[in-house]
Every structure is written in structure tokens, then in C-alpha cells.
Amino acid sequence: MAEVVIVPDRETAGEIAADLVASLIRSRPDAVLGLATGSTPLPVYTALRRRLAGTDVSRVRGFALDEYVGIDLAHPESYRSVITREVVEPLGLTPSLVQVPDGSLEGAGSAGERYEAAIAAAGGVDLQLLGIGSNGHIGFNEPGSSLASRTRMKTLAEQTRRDNARFFPSIDDVPVWCITQGIGTILEARHLVLLAFGESKAAAVAGAVEGPVTASLPGSAIQLHPRTTVLVDEAAASRLRYAEYYRWAFRNKPA
Ligand code: GLP
């Protein structure tokens with residue numbers, strides 16, 4: 001079962017996740033991080049700036065979960081731009097060691113295989129940060145995605161395009177296609193850390209943590225992983241059936 005930690009606010013979740021990432025990097029200076037975009041992981045990256053001040057991060061490697069297809073790389077909302085702006089630059093990571101799937105129209109068809117090979121060559125992902133879509137997607141694996149899927153091109157769900165329209169001038173500017181690590185790819189990371197905040201995520205979180213494992217709710221694949229930490233605020237936890245048990249278990253966690 002995932003370890004579910006219910007926190008008062010997103011800043012606290014960011015601190016806890018940043019502790020996990022920072023202690024990984026201290027024990028393994030060339031750690032491989034799985035990096036998520038969207039608004040959810042931002043408190044983690046903010047907390048990491050303080051945590052990692054003075055730590056040599058020049059050998060840390062990273063792989064983003066996903067990218068839009070057909071977006072100009074220089075567009076501020078391309079995930080390449082977001083990862084550079086929110087992670088690589090503020091944390092002082094070595095840019096060439098942080099990869100984002102190739103979302104160019106020419107490259108996207110073969111990008112999945114190349115990305116899988118790059119992750120394998122790095123020895124796999126040590127810690128994968130994850131958000132979750134309001135429809136239960138992880139990465140850009142929309143409902144119906146195979147639980148065994150690998151990095152590939154996908155078509156975004158209308159719900160996801162509506163959710164992400166806030167980052168673009170209008171919904172018509174949100175790309176239709178994406179390239180995403182598959183659910184099978186994500187499950188090979190050695191530690192999954194999923195974060196979710198707000199009422200709009202409550203149903204997806206309940207389905208992911210306590211629902212049946214189903215391709216209809218891709219986040220439920222975390223139940224197949226032996227080491228998952230779920231960090232949620234009260235609103236995102238509001239539909240969890242066993243919330244009291246999670247609180248009790250966390251209070252009584254063995255040192
Ligand atoms: C986006 C990303 C996901 C992210 C999710 C939630 O579309 N591809 O990786 O987890 O949707 O986004 P947010 O964190 O902004 O709610």
C-alpha cells in the first residue's frame with residue numbers, strides 16, 4: 001500500500017518531498033530524478049532550492065515525464081521551458097543531464113524508443129515525482145492507457161486540454177498531442193512520490209489510492225508499486241475512505 005501523508009498545505013508537502021529528494025542526492029550525487037510539470041510539484045522545487053543550497057548537484061540527472069507535441073520549444077509552456085525555468089536553473093542542475101521527450105513533429109514518432117533507451121542507459125529513475133490530473137491521468141497517460149505502456153505519443157483528453165488552458169491564451173492554443181512516459185515506464189522508477197492538492201483532485205486521489213487498479217484511472221497503477229509516497233492536502237484527501245488510518249499510521253511511523 002502507498003504511504004499516504006495528509007498535510008495541512010502544499011508547502012508542507014513540498015518540504016516533505018524535498019527532504020526525500022535531497023537525502024537521495026546526498027547519498028547518491030548522480031541520482032536520477034523523474035521530474036513532473038504542472039502546478040503541483042512547484043512547492044517541491046521551491047523547497048529544494050533551500051535544501052540543496054551548498055550541495056554539489058552537478059552530477060544529478062533528470063528525465064521529465066512528458067512534453068507537448070508540436071509546441072515551439074521556446075514557448076514558455078513547453079515542458080522543456082518549464083523544466084529549465086522551474087528546475088534546472090533555480091537548482092543549478094547541469095542542463096545536458098536533464099532530458100525532456102522530443103516533442104518536435106519530426107521527432108515525436110521515434111522519441112519514445114529513444115527516451116526509453118536513455119532512461120535505461122542512466123540505470124533507471126531513482127525517484128519519480130508525480131502529479132495527477134483531475135481525470136486520474138499520470139504523466140499524460142489519459143484514462144484507457146495501458147498499465148504496461150511505454151513512452152509514446154498520445155492524444156490529450158478534452159478534460160486535460162480544458163484543465164491546462166489556464167497556461168495558454170485560450171483552449172485552442174493547447175496542443176492536441178503529447179509524448180509521455182508510459183505507465184509501465186513510470187512503475188519502473190524505484191520510488192514514486194505523488195502529490196495532489198485541492199478539491200478538484202479528491203476523486204482522482206481516492207480512485208488512485210483506494211479504487212480498483214484500472215486503466216480507466218491511470219493513477220491507480222501506483223497500487224502496483226512497492227514504494228509509493230502520496231502527499232495530499234486536506235481537500236485532496238477529502239474522499240479517502242481510510243484517511244483516519246493514514247493519519248494514525250503516520251503519527252505512529254517507526255523511526
Ligand atoms: C498535466 C501534466 C501532469 C500533471 C497534471 C496535473 O497535464 N502532464 O504531469 O501531473 O496534468 O497538473 P496540475 O499539477 O497543474 O494540476
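Got a sec? Which of Phe167, Phe140 is of a type outside the set (A, V, I, L, M) and more than 17 Å from the chain's Cα centre (by Cα)?
Exactly one of Phe167, Phe140 is of a type outside the set (A, V, I, L, M) and more than 17 Å from the chain's Cα centre (by Cα), namely Phe167.
Could you run through segment 133-161 and say how many residues are within 11 Å of the ligand (Cβ to nearest atom), among the charged types (D, E, K, R) and surrounded by fewer than 19 Cβ atoms within 10 Å (Cβ to Cβ)?
1
Among the residues of segment 85-99, is there at least one that is within 16 Å of the ligand (Cβ to nearest atom), crowded, with 20+ Cβ neighbours inside 10 Å, in a helix (DSSP H, G or I) and of a type in the set (A, V, I, L, M, F, W, C)?
There is at least one residue in segment 85-99 that is within 16 Å of the ligand (Cβ to nearest atom), crowded, with 20+ Cβ neighbours inside 10 Å, in a helix (DSSP H, G or I) and of a type in the set (A, V, I, L, M, F, W, C).
Could you say whether any residue in segment 208-216 is within 16 Å of the ligand (Cβ to nearest atom), modelled with pLDDT of 95 or more and either surrounded by 14 or more Cβ atoms within 10 Å (Cβ to Cβ) or under 30 Å from Arg114 (Cα atoms) (or both)?
yes
Can Gly14 be described as over 20 Å from Ala118 (Cβ atoms), within 16 Å of the ligand (Cβ to nearest atom) and in a loop (DSSP other than H, G, I, E, B)?
Here the answer is no, as Gly14 does not meet what is asked.
For segment 141-159, check the following and say yes or no: at least one residue is farther than 20 Å from Arg85 by Cα, of a type in the set (A, V, I, L, M, F, W, C) and in contact with a strand residue (DSSP E or B) (Cβ under 6 Å, 6 or more places away or on another chain).
Yes - at least one qualifying residue is present in segment 141-159.
Only one residue in Arg162, Arg227, Arg251, Arg247 is closer than 27 Å to His75 by Cα and charged (D, E, K, R), so which one is that?
Arg162
With respect to Ala235, is the statement that it is surrounded by 14 or more Cβ atoms within 10 Å (Cβ to Cβ), in contact with a helix residue (DSSP H, G or I) (Cβ under 6 Å, 6 or more places away or on another chain) and not in a helix (DSSP H, G or I) true?
yes
Specify the residue that is nearest to the ligand (Cβ to nearest atom); the eligible residues are those in segment 165-200 that are free of Cβ contacts under 8 Å to residues at least 24 places away in the same chain and part of a helix (DSSP H, G or I).
So the residue we want is Arg166.
The values are calculated or read from the model by the stated rules, or taken from the named source; none is laboratory data. The shown structure was predicted, so the numbers you read here are calculated from the model rather than taken from an experiment. Please note: Cβ atoms are built from the backbone with ideal geometry, for glycine as well, and neighbour counts cover all protein chains shown.
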